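Enquirer: I am attaching a structure below and will ask some questions about it afterwards.
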Amino acid sequence: MSDKIILSAKDISKSYPQSGGDPLSILENINVDVKAGEIVALVGASGSGKSTLLHILGLLDAPTSGSLMINDKDVSCLSEKDRTLTRRNDIGFIYQFHHLLPEFSALENIVLPQMILGMEKKKAEERALTLLKRLRLDHRADNRPGKLSGGEQQRVAIARALANKPKLILADEPTGNLDPETAEEVFQLFMTVVRKTGVAALIATHNMDLAKRMDRVIEFS
Ligand code: ADP
Ligand code: MG
C-alpha cells in the first residue's frame with residue numbers, strides 16, 4: 001500500500017426533502033479516505049446508506065453537503081461533462097447485478113469502455129483478454145453474458161471495471177447475489193486481481209466475514 005490518498009471524502013451528508021416535514025437524513029458527516037492499494041470494506045445493515053454513499057463517491061449522485069477529492073482533484077463541483085469524464089477515466093464500478101450488455105460477448109463488454117476512451121480496438125482486445133485471463137475466464141471470452149453463470153458474469157463485470165485502469169474501484173455488494181461457495185471464489189479472485197493493480201478499492205458488503213479479510217472496515221450504524 002502506498003501513502004497516496006486516492007479518495008478523500010469529507011463531511012458527506014445526504015438528505016431527501018419530504019413533503020410537509022423535516023428532510024429525511026440518510027448520511028450525516030461521513031468521512032472516508034482510501035489510499036492507493038488499499039481495500040476497504042464498507043459494512044452496515046440494509047438501508048444504512050451504503051449504496052447512497054457509493055453513488056455519491058462514484059459521481060452518480062450529488063451529496064447535500066460535503067467535499068470530495070479523487071486522485072488530488074476536487075470533484076465536488078464539476079460540470080456534468082467533467083463528471084462523466086472523471087467517472088470513465090478514474091473510477092470502476094461493480095454492482096450487485098452485473099449490468100453487462102446482453103447482446104455483446106464477455107470480451108466486447110470489456111473492450112467497449114476502452115474504445116469509448118479512444119483506445120484502439122486491437123489494444124483494447126489485448127487488455128480485455130489479459131484481464132479475462134487473470135479472472136480465469138479467457139476460455140469464455142466469446143460467450144454472451146446469458147451463457148455465463150452468475151459467478152462468471154460477476155468476474156466479467158470485475159474485468160470491465162478494471163478495463164480503463166481506474167484509480168478507484170467502488171463495488172456495491174459484488175458477491176451479494178451469489179451462493180456462498182461462488183461468492184468465496186469470486187471474492188478471492190477479486191482480491192487478488194485488485195491487489196495486483198494497486199488501485200484503491202471501497203467495497204460495500206453486509207458480510208462481516210468477507211469484510212474482515214480486507215485491509216480495513218468502515219462500519220455504518
Ligand atoms: P444500503 O445500500 O445500505 O442498503 P441505501 O443507500 O440503498 O442503503 O438506502 C439508504 C436509505 O435511503 C434507505 O432508507 C432508502 O429507503 C433511502 N433512500 C434511497 N433513495 C432515496 C430517495 N430517492 N428518496 C428517499 N429515500 C431514499
Ligand atoms: Mg445497497
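Enquirer: Within the chain, which is the longest segment containing none of the GluC sites (Glu not before Pro) that sit in a DSSP loop and have at most 15 other Cβ atoms within 10 Å?
Expert: Numbers: sites that count: E103, E120.
The reported range is 1-102.
Enquirer: Here is a follow-up. Name the residues whose placed amide hydrogens come within less than 5 Å of the amide hydrogen of G92, ignoring near sequence neighbours (fewer than 5 apart) on the same chain.
Expert: Hits under the 5 Å cutoff: L168, I169, L170.
Enquirer: Using modelled amide H (1.01 Å from N, peptide plane; none on Pro or chain starts), what sits under 5 Å from the amide H of I6, excluding residues fewer than 5 places away?
Expert: Placed amide hydrogens put V34, K35, A36 under 5 Å from I6.
Enquirer: Multiply the residue separation of E120 and R216 by 0.36 nm, subtract the distance between their alpha-carbon atoms, and state the gained length in nm to one decimal.
Expert: Values: separation 96, 0.36 × 96 = 34.56 nm, distance 3.77 nm.
That works out to 30.8 nm of additional length.
Enquirer: What list of ³J(HN,Hα) values in whole Hz, one per residue of region 114-122 in order, does the Karplus curve 6.51 cos²θ - 1.76 cosθ + 1.60 (θ = phi - 60°) give from phi, with Gly and Pro shown as x?
Expert: 6, 5, 4, 8, x, 5, 5, 4, 4
Enquirer: Under the definition of Cα pairs under 8 Å and six or more residues apart, what whole-number percent is the relative contact order of the chain?
Expert: Values: 413 pairs, mean separation 66.3, N = 221.
Computed value for the chain: 30 percent relative contact order.
Enquirer: Now, a different point. Ignoring everything except DSSP H segments at least 4 long, calculate the 222 nm mean residue ellipticity for the chain; use -39,500 (n - 2.57) per segment, divide by total residues, nearest 500.
Expert: Working: 7 runs with 79 residues, N = 221.
Computed ellipticity for the chain at 222 nm equals -11000 deg cm²/dmol.
Enquirer: Now, a different point. Specify which residue in the list P166, M115, V156 is farthest towards the positive end of the charge dipole of region 5-219, using unit charges on the beta carbon of Lys, Arg (+1) and Asp, Glu (-1), about the Cα centre.
Expert: Of the candidates, M115 comes out farthest on the positive side.
Enquirer: Strictly over 21 Å apart at the Cα level, which of K10/K165; K35/K123; K133/K196 would you flag in this model?
Expert: On the way: K10/K165 25 Å; K35/K123 29 Å; K133/K196 13 Å.
Table pairs above 21 Å Cα-Cα are K10/K165; K35/K123.
Bear in mind these aren't lab numbers, they're just calculated from the coordinates by the rules spelled out. Since the structure is predicted, the reported quantities are computational estimates derived from the model, not experimental observations. We place every Cβ from the backbone using ideal geometry, glycine too, and count neighbours over all the protein chains shown.
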